[in-house]
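A.B. asks: Pasting in a structure now, in structure tokens, and then I'll have a few things to ask.
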Amino acid sequence: MSHNTLIHRGVRLLVRPLVATSITPNQITTLRLAAGLGTAVALAVGAAPWWNIGAGLFVLSAILDRADGELARLSGRTSPGGHVYDLVADALSNALVFVGLGIGLRDSALDLWAIPMGIAAGGAIAVILWAVMGIEAREGRRAAELQGGGGFDPDDAILAVPVFIWLGAMQELLIAAAIGAPAFAIYFLIRFRRKLSDTAGSRRD
């Protein structure tokens, strides 16, 4: 994804004072992962005020998601290991958020169907991570990037999660995620099928 979206530019201003400190990008990634896990747990409770707490933690997690990369680039502390850790933390956080959302909606009109719907959305995110890591292992960092426009990129769509929650539209969010995330995963796999095929072939050789 792009590193120069409107959100990245705003976060860049926030992390710039951290460049001269002992705070590392991996520490911020760990905080991002903790906030993501906290979001999933809060949403899984499925009751007020935990919905709002979960949405707030998700916003914090999203900011930290941008902050670790910005600090790494500004301080010159980028590394292949840190990049992989960032990808894994992103995927776990975003995937578990939808699993938690599904569990939290178990007593809604969606009934117990909410749980497999959440798992389907989270699983699709895990598939995209697997594909990105495979492509980047062969082609290099950002080889699986999808370009955005207007100061936003496709990854920013995840910020709809807290908006839906604050509007009280959790069921609509889960339905959209259960359909949209697998659909996007299929699109992603089709878009990069040649690179994925080349990667699989190189592993067999």
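The values are calculated or read from the model by the stated rules, or taken from the named source; none is laboratory data. These figures come from a predicted structure and were not determined experimentally. We place every Cβ from the backbone using ideal geometry, glycine too, and count neighbours over all the protein chains shown.
A.B. asks: Could you please find all residues in the range 91-116 being assigned to a helix (DSSP H, G or I), farther than 27 Å from residue 64 by Cβ and in contact (Cβ under 8 Å) with a residue 60 or more places away in the chain?
C.D. replies: Correct list: 114 only.
A.B. asks: Let me ask you something else. Looking for something on the phi > 0 side of the Ramachandran plot and either at pLDDT below 95 or surrounded by 15 or more Cβ atoms within 10 Å (Cβ to Cβ) (or both) - is there at least one such residue anywhere in the range 74-87?
C.D. replies: Taking every residue of the range 74-87 in turn, at least one turns out to be on the phi > 0 side of the Ramachandran plot and either at pLDDT below 95 or surrounded by 15 or more Cβ atoms within 10 Å (Cβ to Cβ) (or both).
A.B. asks: Here is a further query. Hey, among 160, 176, which residue is in a helix (DSSP H, G or I), modelled with pLDDT under 95 and of a type outside the set (D, E, K, R)?
C.D. replies: On inspection, the qualifying residue turns out to be 160.
A.B. asks: Among the residues of the range 29-48, how many are assigned to a helix (DSSP H, G or I) and either of a type in the set (A, V, I, L, M, F, W, C) or modelled with pLDDT under 95 (or both)?
C.D. replies: Result for the range 29-48: 11.
A.B. asks: Within the range 89-144, track down each residue that is under 11 Å from the mean Cα position of the chain (by Cα) and of a type in the set (Val, Ile, Thr).
C.D. replies: Residues satisfying the conditions are 97, 125, 128.
A.B. asks: On to the next question. In the range 5-28, how many residues are assigned to a loop (DSSP other than H, G, I, E, B) and among the polar types (S, T, N, Q)?
C.D. replies: The number of residues fulfilling the criteria is 4.
A.B. asks: Quick one: would you say residue 54 is within 19 Å of residue 119 (Cα to Cα) and in a helix (DSSP H, G or I)?
C.D. replies: So residue 54 fits the description; yes.
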